[in-house]
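The values are calculated or read from the model by the stated rules, or taken from the named source; none is laboratory data. All of these numbers come straight from a predicted model, not from anything done at the bench. For neighbour counting, all protein chains shown are included, and Cβ atoms are generated from backbone atoms with ideal geometry for every residue, glycine included.
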C-alpha cells in the first residue's frame, strides 16, 4: 500500500497541483485491489492445500478410489486461483482516459465482497466433501458446483470491469 502523503506535500498539492492528490489516491486504490486479490489467492490456495492433504491421506491409506475426483477439483481451484492472481491490476488506471466513477468502483468492491463470501462457501463445501470419504463422488459434486458459481462471479466482475473500460 502507498505511504501516507506528508502534510507539506499535501498542502503543496492542494495549492499548486490539485490533480496530484487524485493521482495518489487512485494509486492507493489500485494497490488496495492488489492486496484484496492477494488475500483471495491465499484463501483459495488454502483450499488447494486441503485437497492435496486429502489426496495424500488416501494414498497413505492405500485407497486409490476418488483420487481422480480430488485431482479434478484441485485443478479447477488452481485455475480459479491463477485467474485471480494474474488478472489485470487495479480498479482503474491512473492514466486511463476515462476514470472510474465512485458508483462503478463501489460495484467492483461489491463483487470483491461476493468473492470473499463465496470462498467461505467453498471452504464449507470442501469440509463437507472431505467429511464423507465413502461418498466422495456426490460430496465433490457440491464442491464443483460451488467452484462453478465462484468462476461465474469472477467472470461477471471481469465483464463489468471491461464494459466500464469500454465506456458502456
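Computed quantities for the displayed model
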read-out	value
Boolean, residue 109 is part of a helix (DSSP H, G or I), closer than 30 Å to residue 31 by Cβ and modelled with pLDDT of 95 or more	no
Inter-residue pairs, beta-carbon under 9 Å, first more than 10 Å from residue 70 (Cα to Cα) and in the stretch 131-144, second modelled with pLDDT of 85 or more and not in a helix (DSSP H, G or I), 6+ apart	139/131
Filtered residue count, the stretch 113-146, keeping only those that are within 22 Å of the chain's Cα centre (by Cα) and surrounded by 18 or more Cβ atoms within 10 Å (Cβ to Cβ)	9
Residue 81 vs. criteria within 17 Å of residue 148 (Cβ to Cβ), at pLDDT 75 or above, part of a helix (DSSP H, G or I) and under 22 Å from the mean Cα position of the chain (by Cα)	yes
